[in-house]
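Encoded as structure tokens, the structure appears first; notes follow it.
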Amino acid sequence: MNFVQRYYGYFAKRTILNTLLIIIYYLLVVLPHESFGAWIARTLDEPLGRDTYNLIIMGMGVTGFAGYLFLIWNGTKSKSYSKSTWSYLILTLLLIIYCVNVLMVVNV
């Protein structure tokens, strides 16, 4: 049994702990989101300029996406996945793109 299966099994049996952790994570991400986004924009945008700031953000996004694809590629080489698995992967990628375009606090 690998780490992910043990992790999933642990939290599947403890729904109250799971729900509490989800709520705490949500509050830690959502509540300071706007002020943290403004701080990042001030910290990087003012000394570097908007064009350099946009290049840094784009570089981080492309690097993260390439790393994500690398992990997916390595995971799929050894196993055969069903159409539903690929559907979830495509849905995840579409939701990531949607969130970046719609939920960005500071438009970069």
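Observations on the model:
- Per-peptide average of other Cβ atoms within 10 Å, ordering 4-13, 33-42 highest first: 33-42, 4-13
- Note on S87 and N18: the model spin-label points, each 7 Å out from Cα along the C-beta direction, lie 2.2 nm apart.
- Overall shape: oblate for the stretch 1-76, with the ratio a/c of the largest to smallest alpha carbon gyration tensor axis at 1.5 or above and b/c at least equal to a/b.
- In order along the stretch 64-71, phi translates into HN-Hα couplings of x, 5, 5, x, 4, 5, 4, 4 Hz, rounded to whole numbers, per the Karplus curve 6.51 cos²θ - 1.76 cosθ + 1.60 with θ = phi - 60° and x for Gly and Pro.
- Between I96 and A66, the modelled labels are 1.4 nm apart [label points 7 Å from Cα along Cα→Cβ].
Read-outs throughout are calculated quantities, based only on the coordinates presented, and are distinct from any laboratory measurement. A quick note: this is a predicted structure, and the numbers were derived from the prediction, not measured. Cβ atoms come from the backbone with ideal geometry, glycine included; neighbour counts cover every protein chain shown.
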